[in-house]
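Asker: Next up is a structure, given as structure tokens.
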Amino acid sequence: MKNLPIGTQSFENLRENDNLYVDKTELIYRIATTGRIYFLSRPRRFGKSLTISTLKALFRGQKELFKGLWIENKWDWTQAPNPVIHFDWSAIEHDTAAMMEEDTKAYIHKIGVDYGLNLQRPFAAGQFGELIQELHQKTGRKVVILIDEYDCPIFDSLDLPLLDDVKRFLQKFYRQLKANDDHIRFIFMTGITKYAKLSLFSTLNNPLDITMDEKYAALCGYTQAELEYYFTEYIDATAAKMGNTRERLIERIRYWYDGYTWDGKTHVYNPFSTLNFFEMKRFRDYWFNSGTPTYLIEQLKKRDEAVLIMNPVTVNENKFDSFDPENIDNIALMLQSGYLTVKDIQIKDETPEYTLGVPNEEVKNSMMTYLVSLFSFKALSKVDFIIQDMMAQLRSLDSEGFAGSIGSLIANIPYPLQIKNEKYYHSLFLSWMLSMGFKIDGEVMTNIGRIDAVLETPEMTVVSELKFHVRKSVTKLLDEAMTQINDRRYYEKYQQQSKPIVLMGLAFSGKKTGCRFKQI
């Protein structure tokens, strides 16, 4: 099997190391040959940088990297390569205005040195324009400009005094694109958000925003067909390890990581989570946990809009077409950041209306767990003591006290965040156990079933089964949980360990919570 390109954003490195590559070059070809100035918004870790890197290799004429791909015999490799300016704003220091100016100058200077240029202008914006002009003059070929994470300095400065300085700097910088239009062949820009009142969009001859264009809906992420074709060996190996059939595993992967769509029709898998899943062969919240959206969470708290992730919401397209950094719309931000996606598009009075919802189980579970933990823990002034009590209750097998502690935590969760289903309580339980210091293994497969969660510390292993029902009594649910653990012998694979094993049954029925322990 080819190696998985986890964390690889360079197309050149990916191809030279013979990593698995899902061929997107047909779409890349369409972009490179049918338009001139593009903007693409996608969530973080969704393949934007790899798309930029692929375009860079293409315009530089690195034919050997495209061997065996769709584009190999379609692109005119006889034409001379274009000079390429590849600008990644996530690599620019922008903690202060002075730092941003100096680091941008250094970045531009290095590109110039790579092409044998000695740039003279004193300020970063002017030096950027000088670089474009000099490259065209030296090579006789117009310049290709690839800008990755164009909005990174803005996003990082939201709610900070630095924001105005960042906006002024970027406005001067991006004006150079229009001022040097005669020297530019092609521009492709990526980011998460599309900000209004920034010269990138107000003066740059209206870049073509392909974010929600159905022709490019599959540019980033993996379609169902791509998953089953390119990852077929990984699917078979993972199914064997997890004791699943191929069909059942595909269904579970779809449930966890599929569901993103920007046109309401073409669904794609989260590439970061998919790659990590096949590497680890475990269902986990890989994408969400790779970077907590602190700003977004704080905005939801401030405006009491956590309910946005609970129910679908319908909006018209101007809701998320562009917005002012000083007046953030949370619905737009959640869509562009990947916490909501397009579920349906309907035309009403000749205007499209978009129904937005949470894309998949990973995002729903992780966002809910994070929000609930944040709200409930901040609402409880003595949460540390509750966590300490829960650990002591578990050690002493005090099931009544443990259930009471969980009940106290649940009672402080705001009403909009309360969902009456088993997955919801399962997510809550795991987040609280994580706070207690447990190493957690969720949905552990055995030869005759699936354990809800196994919790481990150096001193104990806890095998847990959780039950929820709106009408059944807590006692009945606890009986079912403990019977399932015992009948399916969930504890067997841990019996070779020297530390004690605790069986835990948890039950949620209406507003009642129950717990039962048994040590073996």
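Asker: Given the condition open to solvent by less than 30 Å² (accessible area, probe 1.4 Å), modelled with pLDDT of 95 or more and closer than 22 Å to residue 206 by Cα, answer yes or no: does some residue in the range 52-61 qualify? I'd like the intermediate steps shown before the answer.
Answerer: Step one: list which residues in the range 52-61 are open to solvent by less than 30 Å² (accessible area, probe 1.4 Å), which gives 52-55, 57-59.
Next, from what is left, pick out any that are modelled with pLDDT of 95 or more: 52-55, 57-59.
If we keep only those that are closer than 22 Å to residue 206 by Cα as well, we get 52, 55.
Yes.
Asker: Moving on. Could you tell me which numbered condition residue 254 fails, if it satisfies all but one of (1) surrounded by 20 or more Cβ atoms within 10 Å (Cβ to Cβ); (2) assigned to a helix (DSSP H, G or I)?
Answerer: Among (1) surrounded by 20 or more Cβ atoms within 10 Å (Cβ to Cβ); (2) assigned to a helix (DSSP H, G or I), residue 254 violates only (1).
Asker: Mind checking which residues of the range 458-495 are within 24 Å of residue 366 (Cα to Cα) and open to solvent by 20 Å² or more (accessible area, probe 1.4 Å)?
Answerer: 467, 468, 469, 470
Table: residues versus (1) in contact (Cβ under 8 Å) with a residue 60 or more places away in the chain; (2) within 30 Å of residue 176 (Cα to Cα); (3) of a type in the set (Asp, Glu).
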position: 13; (1), (2), (3): no, no, no
position: 38; (1), (2), (3): yes, yes, no
position: 45; (1), (2), (3): yes, yes, no
position: 53; (1), (2), (3): no, yes, no
position: 62; (1), (2), (3): no, yes, no
position: 68; (1), (2), (3): no, no, no
position: 72; (1), (2), (3): no, no, yes
position: 86; (1), (2), (3): yes, yes, no
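Asker: Separate question: Show the residue pairs that are 6+ apart or on different chains and have beta-carbon atoms under 8 Å apart, the first residue being within the range 401-428 and hydroxyl-bearing (Ser, Thr, Tyr), the second being open to solvent by 50 Å² or more (accessible area, probe 1.4 Å) and at pLDDT 80 or above.
Answerer: 405/389
Asker: From 30, 44, 15, grab the single residue that is in a loop (DSSP other than H, G, I, E, B) and either modelled with pLDDT under 95 or within 26 Å of residue 139 (Cβ to Cβ) (or both). Full working, then the answer.
Answerer: Working: 30 fails: in a loop (DSSP other than H, G, I, E, B); 15 fails: in a loop (DSSP other than H, G, I, E, B).
After applying the criteria, what remains is 44.
Asker: Could you say whether any residue in the range 441-455 is at pLDDT below 75, assigned to a helix (DSSP H, G or I), over 17 Å from residue 501 (Cβ atoms) and not hydroxyl-bearing (Ser, Thr, Tyr)?
Answerer: No, the range 441-455 contains no residue that is at pLDDT below 75, assigned to a helix (DSSP H, G or I), over 17 Å from residue 501 (Cβ atoms) and not hydroxyl-bearing (Ser, Thr, Tyr).
Asker: Residues of the range 70-99 being under 14 Å from residue 152 (Cβ atoms) and part of a strand (DSSP E or B), which ones?
Answerer: 87, 88
Asker: Are any residues in the range 212-227 out of contact with any Ser or Thr (no Cβ under 8 Å at 6 or more places or on another chain) and either of a type in the set (Lys, Arg) or open to solvent by less than 70 Å² (accessible area, probe 1.4 Å) (or both), and if so, which ones?
Answerer: First pass over the range 212-227, keeping only residues out of contact with any Ser or Thr (no Cβ under 8 Å at 6 or more places or on another chain): 212-213, 215-216, 221, 224-226.
212, 213, 215, 216, 221, 224, 226 - these are the residues of the range 212-227 that are out of contact with any Ser or Thr (no Cβ under 8 Å at 6 or more places or on another chain) and either of a type in the set (Lys, Arg) or open to solvent by less than 70 Å² (accessible area, probe 1.4 Å) (or both).
Asker: Okay, moving on. Can you pull out the residues in the range 5-18 that are under 12 Å from residue 275 (Cβ atoms) and open to solvent by less than 20 Å² (accessible area, probe 1.4 Å)?
Answerer: Correct list: 5, 14.
Asker: Another question, then. Does the range 343-357 include one or more residues that are open to solvent by 60 Å² or more (accessible area, probe 1.4 Å), under 17 Å from residue 270 (Cα atoms), modelled with pLDDT of 85 or more and in contact with a Phe, Trp or Tyr (Cβ under 9 Å, 6 or more places away or on another chain)?
Answerer: yes
Asker: Still on this structure: State all residues of the range 100-145 that are of a type outside the set (A, V, I, L, M) and in a loop (DSSP other than H, G, I, E, B); if no residue qualifies, say none. Full working, then the answer.
Answerer: Keep residues of the range 100-145 that are of a type outside the set (A, V, I, L, M), which gives 101-105, 107, 109-110, 112, 114-116, 118, 120-123, 126-130, 133-134, 136-142.
Those that are of a type outside the set (A, V, I, L, M) and in a loop (DSSP other than H, G, I, E, B): 115, 116, 118, 120, 121, 122, 123, 140, 141, 142.
Asker: May I pose another question? Would you please name the residue that is most open to solvent (accessible area, probe 1.4 Å), looking only at residues in the range 146-155 that are in a loop (DSSP other than H, G, I, E, B) and charged (D, E, K, R)? Let's see the steps before the verdict.
Answerer: Of the residues in the range 146-155, the ones in a loop (DSSP other than H, G, I, E, B) are 149-151.
Next, only the ones that are charged (D, E, K, R) stay: 149, 151.
Numbers: 149: 37, 151: 3 Å².
Filtering the range 146-155 for residues that are in a loop (DSSP other than H, G, I, E, B) and charged (D, E, K, R), the one most open to solvent (accessible area, probe 1.4 Å) comes out as 149.
Asker: Kindly check whether there is at least one residue in the range 431-438 that is assigned to a helix (DSSP H, G or I), touching a helix residue (DSSP H, G or I) at 6+ places or on another chain (Cβ under 7 Å), aromatic (Phe, Trp, Tyr) and modelled with pLDDT of 85 or more.
Answerer: Our first condition is that a residue be assigned to a helix (DSSP H, G or I); within the range 431-438, this holds for 431-435.
Of the ones still in play, those that are also touching a helix residue (DSSP H, G or I) at 6+ places or on another chain (Cβ under 7 Å) are 431-432, 435.
Next cut, aromatic (Phe, Trp, Tyr) only: 432.
Going one step further and asking which of them are modelled with pLDDT of 85 or more, we end up with none.
Taking every residue of the range 431-438 in turn, none turns out to be assigned to a helix (DSSP H, G or I), touching a helix residue (DSSP H, G or I) at 6+ places or on another chain (Cβ under 7 Å), aromatic (Phe, Trp, Tyr) and modelled with pLDDT of 85 or more.
The values are calculated or read from the model by the stated rules, or taken from the named source; none is laboratory data. Just so we're clear, the structure is a prediction, and the values are computed from it rather than from any experiment. Positions of Cβ are generated from backbone atoms using ideal geometry, with glycine treated the same way; all protein chains shown enter the neighbour counts. All accessible areas refer to the heavy atoms of the entire protein, side chains included, with ligands and DNA or RNA removed. Shrake-Rupley method; radii C 1.70, N 1.55, O 1.52, S 1.80 Å.
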